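J.: Can you read through this structure? Questions will come right after.
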């Protein structure tokens, strides 16, 4: 039994240092690469069209680069028959889909315009402000909730795990240059809630065991809490991942980034609930005495 507990502790601390390395790599990517902000935030022009025949994306990109003078991003869907062209600084003369007619004639392709949307930079700035405010508000409310629910060491573990999950997901988007739009921002809010849920499950179990076992070793208590909640956590994560995977496979390119963010966030959140939220309280000196002292103070109040 002791050897088993020792193996769990070694795995937990090794995972903690690995999580610290992930945060470092993600922050480095965010500061050096930056996020590839989509039109929702930068402003610009989105043109969608379809072609009768399937075309290789590299070939389509080469033909468009000879025709469009501005920087653009091209994405394909439906096996290379549906196309989206994103231009962050489109010229006034290109702010409609009329250029598609000339492009169709010059390229010899049969093109059907689908959609043309222009988003002003002012709208993008407002979305950045409102999105940042939404994230900040969510984090503040969570901090208040955790400070009331847990002893501060357990609360600190949950907060650090939450920050880890968000930073690592953002780091993935920075390193792989995936477009960051409003759907990704929405997924970050969902990841915050999911991360908090996992951390609270583990934290509640740690608190419950500490209250029952006054003289228990904190290392054993945390390992018992992880073992008793692991099956529940894996089942919850597995069913959620199956749903997100279905979204990524069948919902189309418009929700691809959303699915990537949620899939990564759920995996990372499950990992951090063990590696971070359960380990940091131990590193900060958490013991069963803290909760028994708190209960004693409450009982002796006049």
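J.: Looking at 196, 154, 170, 234, can you tell me which residue is out of contact with any strand residue (DSSP E or B) (no Cβ under 7 Å at 6 or more places or on another chain), assigned to a helix (DSSP H, G or I), without any contact (Cβ under 8 Å) to a residue 60 or more places away in the chain and buried (at least 17 other Cβ atoms within 10 Å of the Cβ)?
T.: On the way: 154 fails: without any contact (Cβ under 8 Å) to a residue 60 or more places away in the chain; 170 fails: without any contact (Cβ under 8 Å) to a residue 60 or more places away in the chain; 234 fails: buried (at least 17 other Cβ atoms within 10 Å of the Cβ).
Just one listed residue meets the conditions, 196.
J.: Within segment 273-300, take every residue that is modelled with pLDDT of 85 or more and part of a helix (DSSP H, G or I) and give me the one that is surrounded by the most Cβ atoms within 10 Å (Cβ to Cβ).
T.: 273
J.: Considering only segment 18-40, state which residues are closer than 17 Å to residue 253 by Cα and part of a helix (DSSP H, G or I).
T.: Residues satisfying the conditions are 39, 40.
J.: Moving on to the next point. Of 186, 225, which residue is surrounded by 19 or more Cβ atoms within 10 Å (Cβ to Cβ), in contact (Cβ under 8 Å) with a residue 12 or more places away in the chain and assigned by TED's automatic domain parsing to the domain that holds residue 20?
T.: Numbers: 186 fails: surrounded by 19 or more Cβ atoms within 10 Å (Cβ to Cβ).
Exactly one residue qualifies, and that residue is 225.
J.: Pairs please, first residue from segment 103-115 and at negative phi, second anywhere and modelled with pLDDT of 80 or more and in a loop (DSSP other than H, G, I, E, B), Cβ atoms under 6 Å, 6+ apart in sequence or on different chains.
T.: 110/52
J.: Okay, moving on. Do we have any residue at all in segment 27-35 that's buried (at least 17 other Cβ atoms within 10 Å of the Cβ), assigned by TED's automatic domain parsing to the domain that holds residue 218 and under 30 Å from residue 222 (Cα atoms)?
T.: Checked segment 27-35: no residue is buried (at least 17 other Cβ atoms within 10 Å of the Cβ), assigned by TED's automatic domain parsing to the domain that holds residue 218 and under 30 Å from residue 222 (Cα atoms).
J.: Out of 107, 187, I need the residue that is in contact with a helix residue (DSSP H, G or I) (Cβ under 7 Å, 6 or more places away or on another chain) and under 14 Å from residue 269 (Cβ atoms). Which one? I'd like the intermediate steps shown before the answer.
T.: Numbers: 107 fails: under 14 Å from residue 269 (Cβ atoms).
One residue alone meets the criteria, 187.
J.: Further question on the same structure: Out of 264, 275, I need the residue that is within 29 Å of residue 38 (Cα to Cα) and in contact (Cβ under 8 Å) with a residue 12 or more places away in the chain. Which one? Show your work before the answer.
T.: Working: 275 fails: within 29 Å of residue 38 (Cα to Cα).
Of the residues listed, the single one that is within 29 Å of residue 38 (Cα to Cα) and in contact (Cβ under 8 Å) with a residue 12 or more places away in the chain is 264.
J.: Shifting gears a bit: Count, please, the residues in segment 41-90 that happen to be within 24 Å of residue 248 (Cα to Cα), assigned to a strand (DSSP E or B) and within 28 Å of the chain's Cα centre (by Cα).
T.: Of the residues in that region, 13 qualify.
J.: Additional query: What number of residues within segment 36-66 are touching a helix residue (DSSP H, G or I) at 6+ places or on another chain (Cβ under 6 Å) and either surrounded by fewer than 12 Cβ atoms within 10 Å (Cβ to Cβ) or under 23 Å from residue 185 (Cα atoms) (or both)?
T.: Here is the first cut: in segment 36-66, the residues touching a helix residue (DSSP H, G or I) at 6+ places or on another chain (Cβ under 6 Å) are 40-43, 46, 49, 63.
From what is left, the residues that are either surrounded by fewer than 12 Cβ atoms within 10 Å (Cβ to Cβ) or under 23 Å from residue 185 (Cα atoms) (or both) are 40-43, 46.
Residues flagged as touching a helix residue (DSSP H, G or I) at 6+ places or on another chain (Cβ under 6 Å) and either surrounded by fewer than 12 Cβ atoms within 10 Å (Cβ to Cβ) or under 23 Å from residue 185 (Cα atoms) (or both) within segment 36-66 amount to 5.
The values are calculated or read from the model by the stated rules, or taken from the named source; none is laboratory data. Keep in mind that this is a model prediction, so the values were computed, not measured. We place every Cβ from the backbone using ideal geometry, glycine too, and count neighbours over all the protein chains shown.
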